[in-house]
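Only one structure is covered here, and it is reproduced in the block below.
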Amino acid sequence: MDFPELIRRRYSVRAYRPEPVPEEALARILEAGRLAPTAANRQPFRIVVLHTAGRQEALRRVYARDWFLQAPIVLCVCGVPSEAWVRKDGRSHLDIDAAIVMDHLVLAATEEGLGTCWIANFDVDAARSVFEVRPGEVPLLLTTLGYAADRAGVKERRQLDELVRRID
Ligand SMILES: Cc1cc2nc3c(=O)[nH]c(=O)nc-3n(C[C@H](O)[C@H](O)[C@H](O)COP(=O)(O)O)c2cc1C
């Protein structure tokens, strides 16, 4: 898939088939996450791979959507605040780094023909327990990972001239 097509193909998948994710595909997706750029190359993130089978009850406490429990895998990107680069004005780049890692994971998954959905609206305390988040780490973003059972809708986006300003 070329890059423009990859970008067009990715969408938030909110229905999954039960087929497992091939180990080799998962390895390539995680490698894409590993190679993500981070501020000052601090790499202040950890990725937790959770197989959902048999954990539906616990996962429902994290994010109570049926499609969330359907996916064979959920990935959790955790941040390590003490490792993050902090700008002079005090702004930690932890969240930005985590988002770039997640975008790498998601785009690599799309390339593998797998579906994903960014999830930020989860219960943090439940996620800490279910994803066995370690002291010093914070769960920042989740994505489901599996084969889609739905189809992409129309992409609702603002026009480019609303989003881009040029200074010539
Ligand atoms: C940082 C972030 C957090 C998101 N959190 C959620 C979420 O908690 N639940 C959900 O269903 N979708 C979530 N989404 C998905 C967005 O709703 C979705 O990307 C957006 O509506 C555009 O649709 P598309 O991904 O199909 O192109 C999130 C997306 C991003 C980038």
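Note on His51/Arg158: beta-carbon distance plugged into 1/(1 + (r/R0)^6) with R0 of 25 Å gives a FRET efficiency of 0.10. About its Cα centre, the chain has a charge dipole of approximately 340 debye under the convention of +1 per Lys or Arg Cβ and -1 per Asp or Glu Cβ, with nothing else charged. The modelled label-to-label distance between Asp103 and Lys88, using points 7 Å beyond Cα along the C-beta direction, is 2.6 nm. The HN-Hα couplings worked out from phi for the range 119-127 by the Karplus form 6.51 cos²θ - 1.76 cosθ + 1.60 (θ = phi - 60°) are 9, 10, 8, 10, 7, 5, 5, 5, 5 Hz, whole numbers, x standing for Gly and Pro. Extension gain for Met1 to Arg151 (0.36 nm times residue separation, less C-alpha to C-alpha distance): 52.2 nm. Scaled to the globular estimate 2.2 N^0.38 Å, the Cα spread of the range 100-145, given as radius of gyration, is 1.26. Amide H contacts under 5 Å for Gly115: Gly146, Tyr147, Ala148, restricted to partners 5 or more places along the chain or on a different chain, H placed in the peptide plane at 1.01 Å from N.
Counting charges near Arg8 (Lys, Arg +1; Asp, Glu -1) among other residues having Cβ under 11 Å from its Cβ returns a value of +1. Calculated on the Cα set of the range 81-168, radius of gyration then Dmax: 17.0, 51 Å. When the convex hull of its Cα atoms is viewed from all sides, the chain shows a mean projected area of 12.0 nm².
Computed packing ranks the peptides 89-99, 145-155, 61-71 as 61-71, 89-99, 145-155, most packed first, by mean other Cβ atoms within 10 Å.
Take the Cα of Arg8, step 7 Å toward its Cβ, do the same at Val124, and the gap between the two points is 4.0 nm. Each of Leu142, Leu107, Leu30 was scored by other Cβ atoms within 10 Å of its Cβ. Listed from fewest to most, they are Leu30, Leu107, Leu142.
Across the range 71-78, computed HN-Hα scalar couplings (Karplus, 6.51 cos²θ - 1.76 cosθ + 1.60, θ = phi - 60°) run 5, x, 9, 10, 9, 10, 8, 9 Hz from first to last residue, x flagging Gly and Pro.
Other residues whose C-beta falls under 13 angstrom from the C-beta of Ser92 contribute a net charge of 0, scoring Lys and Arg +1 and Asp and Glu -1.
Bear in mind that the values in this text are calculations on the coordinates, not laboratory data. Here the structure is a predicted model, which means the values were calculated and not measured. In this analysis, Cβ positions are derived from the backbone assuming ideal geometry, glycine residues included, and neighbour counts consider all displayed protein chains.
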